[in-house]
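Below is one structure; the comments refer to it alone.
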Amino acid sequence: MVSRPAPASAWPPGAPAEGLPEYSAFWRPVLEDVRDPVFVTDADGSLRWANAAAKALGTEGVTPVLVSVTETTGRIDAGGQHRAARVRALPEGWHAWTVIDDSPRRPEDFLADAGPKLAAARGRHGTARVIAELAAGALGECVFVLLPTTRGRWEWWSAEDHAAPGHGRIRRVPAQLAPVVAETFAAVGTPEVQQVPEAEVTALPAVVAERFPGHAEISVVSLGVAESAGVTGAVLIGRRGEPAFGSGQARATSMFAKAAGTALANAQRYARQEEATRGLESTLKPQPPAEVDGARFEIWYEPAGGVLGVGGDFYDVLGREDGSAFLYVGDICGKGAEAAALTGRVRHSLAALHLVERDGRTLLRLLNELLIAGGSNRFATLVLGSVAPAESGLDLTLASGGHPAPLILRRDGGVEEVSVPGTLVGISPQARFAEAVTHLDEGDVCLLYTDGVTEARNRTESAELFGDERLFTVLADCVGLPAREVVRRLREAVREWLGNSSHDDIAVLAIEAAPAPE
């Protein structure tokens with residue numbers, strides 16, 4: 001394709017110039033881009049026509065010069081304005097030159113796109129990977145994110161055109177071999193872009209250095225936002241072509257590094273919070289029930305939604321040396337982290353107290369004094385006691401502090417309530433508690449539960465509670481069934497009642513006197 005200036009007569013006064021083909025195969029591809037500046041050349045390369053947008057380019061009276069770059073791309077010099085163009089072949093050797101927007105990107109637009117992606121990244125690893133991918137897509141063709149790790153090494157994440165993302169660890173390069181990289185790596189404050197000398201690149205470990213030959217420019221920028229954020233690190237960027245942001249390339253890189261460092265600091269802070277949460281949960285979550293001869297325990301524990309996987313309801317079955325077990329089910333007023341914290345305090349107090357005291361009423365009195373002395377404005381309800389194997393079945397001793405009465409499903413009868421009156425725990429120094437003794441024959445099941453069951457709200461009528469009557473109806477149909485089936489049916493009934501609506505904490509402990517093995 002020959003490039004030449006168009007003659008002055010090439011500009012048509014209004015309608016297309018005389019001699020232009022009129023069949024649709026010519027005009028359809030031209031009109032597809034009519035909103036963009038379009039120039040048309042004939043088979044000899046002479047400019048024959050231009051649309052209104054094309055005429056608006058350049059200076060009046062100056063004829064544009066069209067220069068081919070490849071068969072499908074070119075550049076147009078229109079009065080000092082150099083614009084890139086897409087070249088499309090037309091019938092009979094004619095061509096349409098459509099100007100494309102090749103102006104440098106605005107750093108603000110890049111940050112607006114990158115910000116949500118950085119915020120959505122999770123964890124140190126995920127955030128570093130996203131940083132590399134975003135930088136490789138906008139700032140250069142080859143990117144390495146370097147972060148400190150253990151044993152004097154750097155951890156790296158890479159992204160590159162036409163190559164799979166990479167991740168690994170390398171030795172930390174001494175400052176005397178790569179002073180620019182080392183200094184940038186440890187820097188904090190406003191990120192500054194530095195050019196990396198070729199000698200420093202070759203001093204880097206091979207897995208990094210081998211990826212940068214052939215790049216026009218290699219730069220490095222710090223990720224350290226602030227010393228208090230606890231983040232150090234750097235991004236190595238290799239660029240082969242023209243900077244995507246023109247003269248604003250350094251500013252775009254610096255702005256991106258600041259946003260990336262903030263994202264890393266948030267990710268590390270979130271990771272520490274998660275670690276602390278897991279540690280707290282491990283101390284608050286109940287352990288599996290102890291084993292007692294002749295007893296089977298079935299649990300349904302479902303805290304209300306929240307950050308912690310525990311709530312204000314609690315239970316435990318703790319073994320004793322004589323083969324019996326200390327057990328309880330309780331409910332702290334309220335929910336969330338504060339209720340969970342008091343739950344842990346109550347559970348740990350009971351775990352210690354039962355080692356020196358077995359009388360249920362005394363245990364409740366001591367716990368009541370502890371809660372009042374602790375100054376908490378929350379109270380608890382709970383039922384506690386002992387379960388011990390008997391010659392036939394199990395012996396149960398239960399004491400209650402303002403808690404829903406335990407229910408027993410008699411294998412050969414119905415559902416009966418164990419009357420154990422008592423005062424709320426943690427309210428008054430004058431609280432009074434009672435104790436009851438009962439026996440479970442083989443096949444009998446005792447159910448201890450919290451009011452998260454009876455106060456579950458209907459999925460369509462939130463004012464309507466599941467209630468005691470529905471609970472008794474469900475349990476009456478479960479008489480004679482093993483504890484596992486009883487809890488399963490109760491759980492299904494309550495969940496169907498709730499639908500997708502939220503609920504309070506729920507804790508259910510079923511104790512079954514298991515049939516003796518044959």
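Structure data summary
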| quantity | calculated |
| --- | --- |
| Sole exception among (1) surrounded by fewer than 18 Cβ atoms within 10 Å (Cβ to Cβ); (2) touching a residue at least 40 places away in the same chain (Cβ under 8 Å) for residue 149, by number | (2) |
| Residue within segment 294-311 that is surrounded by fewer than 19 Cβ atoms within 10 Å (Cβ to Cβ), part of a helix (DSSP H, G or I) and modelled with pLDDT under 90 present | no |
| Matching entry among 500, 458 (being modelled with pLDDT under 95 and in contact with a Phe, Trp or Tyr (Cβ under 9 Å, 6 or more places away or on another chain)) | 458 |
| Residue satisfying all of: in segment 324-350; hydroxyl-bearing (Ser, Thr, Tyr) and either over 12 Å from residue 286 (Cβ atoms) or surrounded by fewer than 21 Cβ atoms within 10 Å (Cβ to Cβ) (or both); modelled with the lowest pLDDT among these | 349 |
| Identity of the residue in segment 14-41, crowded, with 18+ Cβ neighbours inside 10 Å and assigned to a loop (DSSP other than H, G, I, E, B), that ends up modelled with the lowest pLDDT | 33 |
| Matching option when the condition is in contact (Cβ under 8 Å) with a residue 12 or more places away in the chain, outside any helix (DSSP H, G or I) and closer than 18 Å to residue 117 by Cβ, among 244, 265 | 244 |
| Near pairs, Cβ below 6 angstrom, 6+ apart or cross-chain, from segment 351-379 (within 15 Å of residue 402 (Cα to Cα)) to any residue that is among the basic types (Lys, Arg) | none |
| Set 179, 165, 174, 205: member being under 28 Å from the mean Cα position of the chain (by Cα), of a type outside the set (Ser, Thr, Tyr) and over 16 Å from residue 239 (Cβ atoms) | 165 |
| Residue 219, sole failed condition from (1) more than 27 Å from the chain's Cα centre (by Cα); (2) assigned to a helix (DSSP H, G or I) | (2) |
| Residue 116, sole failed condition from (1) at pLDDT 90 or above; (2) surrounded by 13 or more Cβ atoms within 10 Å (Cβ to Cβ); (3) more than 23 Å from residue 195 (Cα to Cα) | (2) |
| Every residue from segment 183-209 that is closer than 19 Å to residue 170 by Cα and touching a Lys or Arg at 6+ places or on another chain (Cβ under 7 Å) | 205 |
| Scope segment 353-388; condition basic (Lys, Arg) and more than 43 Å from the chain's Cα centre (by Cα); matching residues | 358, 361, 365 |
| Residue in segment 240-250 that is crowded, with 20+ Cβ neighbours inside 10 Å and either among the basic types (Lys, Arg) or touching a Leu at 6+ places or on another chain (Cβ under 6 Å) (or both) present | no |
| Restricting segment 179-202 to residues that are of a type in the set (Gly, Ala, Ser) and crowded, with 18+ Cβ neighbours inside 10 Å, the residue that is nearest to residue 144 (Cα to Cα) | 182 |
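A quick yes/no check of all residues on (1) outside the structural domain of residue 342 (by TED's automatic domain parsing); (2) under 24 Å from residue 349 (Cβ atoms); (3) at pLDDT 95 or above; (4) of a type outside the set (S, T, N, Q):
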position: 426; (1), (2), (3), (4): no, yes, no, yes
position: 439; (1), (2), (3), (4): no, no, yes, yes
position: 463; (1), (2), (3), (4): no, no, no, yes
position: 483; (1), (2), (3), (4): no, no, yes, yes
position: 488; (1), (2), (3), (4): no, no, yes, yes
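The values are calculated or read from the model by the stated rules, or taken from the named source; none is laboratory data. Keep in mind it's a predicted model, so treat the numbers as computed, not measured. With ideal geometry, Cβ positions are generated from the backbone for all residues, glycine too; neighbour counts draw on all protein chains shown.
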